[in-house]
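Chemist: Below is a structure I'd like to ask you about.
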Amino acid sequence: MSVADPDFHAAISGALARELPGFITLNSCARLSGGASQESYRLAVASTHGPLQLVLRRTPGGEPPAPDAEQIGPRVEAMVVRAARAAGVPAAEILAELAPQDGLGEGYFMAWLEGEALGSRIVRSPELAAVRPHLAHQCGRILARIHAIDVVSSGLDRVLKVVPPAALVQQTWRQYQSFNTPAPLIDYTAQWLLAHLPPVLPPTLTHADFRNGNLMVSPAGIVGVLDWEIAHLGDPMRDLGWLCTASWRFGVPELPVGGFGDYAALFAGYTAESGVIIDAAHVRFWEVFGSFWWAVGALAMADHWRHGPDRTVERLAIGRRSSECQIDCINLLMPGRAMALSPTQPVTDELPATHELLHSVRDFLRDDVAASTLERQRFLARVAANSLDIVLRDAQLGPAARSAEQARLEALLGTKDTLQVLRWQLVHGLREGRFALGDPLLTTHLRQTVTQQVLIDQPGYPGVRQIVGG
C-alpha cells in the first residue's frame, strides 16, 4: 500500500482508532522527505482533544524487517526511545505501535516535534543563530545521558546486541564484500581500523546515528533526538566520533561537530554531565570509522535498490555518496594533494547530442517536475536531476580518470590487464595483507583514484577541495 491508496489511509485510521484515545478521523497523510532506512509519514488527526500532528514510522514498504546486522526494527526502537525519554533525553513521545492486523508492517506512532531537522538549515538558519554556538555542548550532555541509561532495568540488555569495535569493523567490512564491487579504499581503511583498535570500554547504550540531521533543533536548543534504528550496546565514543564525521558538517568543514561546533565544546559538555574525560584519539578512531561505515552504508542503499522492495531513485543516488566518505578517509589517513584531470569535450555535431538529451531531461526534472509536485515527489525529482548530473560529469571526466587509474594500477601491481581485473587484484591484495599501508605508491594511487571519483559524483564536496584546492 502507498500513501495514495485509500486502503493505506483506512489501515492507519483503524490503527489510530484502536490505540489513540479520542481519535475521530485522519485528515491527511504525507510521506516525509528522506527516510532511506525507514518510512516516515506526517499525519493530521482530528480528536476530541483537538487537532493533532503525529508521525508514523514503519518498515520500508510495510514489509517484515529483513534480517540485518544493524537494524533493530521498530518494536525495539520504540522501546529504546521510551528508555531514553525516561532518562531525560529529548525525544518524541511514542504514542502507540502497529499491530499485525493493521497490515502496515512493523512501526509506531509518535508525537510531532516542532523544530528544524535538516542539517543544512541547522548550520545556516538565521533563526538558529543564537543557539548554534551552544549545540555542541548540549550534544555532549545528551550523549552522556544516553550512555548512562541502565540497560538492565530498562530491559534493553535483552533485546540489543553487544557489538565490540573489532566486530563492528569486521561486520561492516563483510557487508561491503557481499556487494561484490571493488572499492580498494574501503579495504585499506578496514585494515587501518583493525590495526588501530581503541582501548576497551564497558559497553553502554549507543545511539550509533547521533548526528546533525537526526537532531530536531529549535531556537531553544535540541528538542528531539531522532532515528534510533541502529542502536546497540557498544563503545560510547562511537557516538561522539560519528557526530564529528565530515559527512554531517553540511558544508561547514571548519566546525567538526555537526558543522555547528568544535571538539572542545562537545567534550566539555560530555564531561560536565558524566565526569568522564574524553580521549581525543579514541574519538578520532570512530571518526575514521564513521566515514568507513557510511562509505559502506551508501553502497548498501544502492544494493537495496537492486534487491529490496524500495526502488526509489533516492536509494540509488545515495550509493554515489560512497566516494565522499572515501575522500574523508583519505584526508584523515593519508592527507596530500591530487590532480584534477581535464574533461573530455562532448560531441557537438550530432543533433541532438546525447549530452543535450540528458541536459534536457535533467532540467525538466529540476525546473518543471520539482516545481509542480508535492514535497516527497519534489525531493525525488531533484535527486533524479542530480543523478543525471553525475552521468554528464562521468561522460566528460570518466574516460581520462579510468585510463589514468589503469596506468597507476599497472605500475603498482607490476602487471597488465583490464581495469576491472586490476582493481580486484588490488582489493584481494589489501584483504590478504600483502600491501604495507604506508606504501607511497599505494597511498598515491588511492588518493588520486578516489579524488577523481568524487569530482564525478559530487565536485562541490568540501573534502575534495582539501585535496585539489578551489
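The values are calculated or read from the model by the stated rules, or taken from the named source; none is laboratory data. Owing to the predicted nature of the structure, the values given are computational and were not obtained by experimental measurement. When we count neighbours, we look across all protein chains shown, and the Cβ atoms used for this are built from the backbone with ideal geometry, even at glycine.
Chemist: Can you pull out the residues in the range 99-127 that are among the small types (Gly, Ala, Ser) and touching a residue at least 40 places away in the same chain (Cβ under 8 Å)?
Modeler: Across the range 99-127, the qualifying residues are ALA99, GLY103, GLY105, GLY107, ALA111, GLY115, ALA117, GLY119, SER120.
Conditions tested, residue by residue: (1) within 23 Å of the chain's Cα centre (by Cα); (2) closer than 28 Å to ARG174 by Cβ; (3) part of a helix (DSSP H, G or I).
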residue	(1), (2), (3)
ALA411	no, no, yes
LEU422	no, yes, yes
GLY438	no, yes, no
THR449	yes, yes, yes
GLY463	yes, yes, yes
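Chemist: Hey, can you tell me all the residues within the range 211-229 that are closer than 16 Å to GLN38 by Cα, in contact with a helix residue (DSSP H, G or I) (Cβ under 6 Å, 6 or more places away or on another chain) and among the hydrophobic types (A, V, I, L, M, F, W, C)?
Modeler: TRP228
Chemist: Name the residue that is modelled with the lowest pLDDT, counting only residues in the range 165-183 that are closer than 18 Å to ALA195 by Cβ, in contact with a Phe, Trp or Tyr (Cβ under 9 Å, 6 or more places away or on another chain) and not hydroxyl-bearing (Ser, Thr, Tyr).
Modeler: Going through the qualifying residues, I end up with LEU168.
Chemist: For residues that are hydrophobic (A, V, I, L, M, F, W, C) and either modelled with pLDDT of 95 or more or closer than 17 Å to GLY290 by Cα (or both), scanning just the range 184-200, find the one that is surrounded by the fewest Cβ atoms within 10 Å (Cβ to Cβ).
Modeler: Looking at the filtered set, the residue picked out is ALA195.
Chemist: Going by the conditions given, is ASP235 acidic (Asp, Glu), within 17 Å of VAL288 (Cβ to Cβ), buried (at least 24 other Cβ atoms within 10 Å of the Cβ) and in contact with a Leu (Cβ under 9 Å, 6 or more places away or on another chain)?
Modeler: Yes, satisfied.
Chemist: A further question on this structure: Being more than 22 Å from ARG249 (Cβ to Cβ), acidic (Asp, Glu) and over 28 Å from the mean Cα position of the chain (by Cα) is the requirement here; does ASP363 meet it?
Modeler: For ASP363, the condition - more than 22 Å from ARG249 (Cβ to Cβ), acidic (Asp, Glu) and over 28 Å from the mean Cα position of the chain (by Cα) - is not met.
Chemist: Kindly state which strands (runs of 3 or more DSSP E) lie completely within the range 191-310 and contain at least 3 residues that are of a type outside the set (Gly, Ala, Ser).
Modeler: Per the criteria, 204-206, 215-218, 221-225.
Chemist: Can you pull out every residue in the range 424-436 that is among the charged types (D, E, K, R) and either under 15 Å from MET339 (Cα atoms) or outside any helix (DSSP H, G or I) (or both)?
Modeler: Correct list: GLU432, ARG434.
Chemist: From the list LEU16, LEU104, LEU43, exactly one residue is of a type outside the set (S, T, N, Q), at pLDDT 90 or above and part of a strand (DSSP E or B). Which is it?
Modeler: Criteria check complete, one pass: LEU43.
Chemist: Could you grab the pairs with beta carbons closer than 6 Å, sequence gap of 6+ or different chains, first residue in the range 264-291 and under 21 Å from CYS325 (Cβ atoms) and crowded, with 18+ Cβ neighbours inside 10 Å, second one of a type in the set (D, E, K, R) and at pLDDT 95 or above?
Modeler: From the range 264-291, the pairs are TRP286/ARG238; SER291/ASP328.
Chemist: Does the range 326-345 hold any residues that are outside any helix (DSSP H, G or I) and aliphatic (A, V, I, L, M), and which are they?
Modeler: If the condition is that a residue be outside any helix (DSSP H, G or I) and aliphatic (A, V, I, L, M), then MET334, ALA338, MET339, ALA340, LEU341 are the ones that fit.
Chemist: Would you be able to say whether some residue in the range 76-85 is crowded, with 16+ Cβ neighbours inside 10 Å and outside any helix (DSSP H, G or I)?
Modeler: Within the range 76-85, none of the residues are crowded, with 16+ Cβ neighbours inside 10 Å and outside any helix (DSSP H, G or I).
Chemist: Within the range 346-375, track down each residue that is touching a residue at least 12 places away in the same chain (Cβ under 8 Å) and in a loop (DSSP other than H, G, I, E, B).
Modeler: PRO346, ALA370, LEU374
Chemist: Okay, moving on. Check off (1) in contact with a Cys (Cβ under 7 Å, 6 or more places away or on another chain); (2) more than 22 Å from ARG423 (Cβ to Cβ) for THR189 and give me the number that stays unchecked.
Modeler: Single failed check for THR189: (2).
Chemist: Taking the range 306-345 as the region of interest, how many residues are without any contact (Cβ under 8 Å) to a residue 40 or more places away in the chain and basic (Lys, Arg)?
Modeler: Result for the range 306-345: 2.
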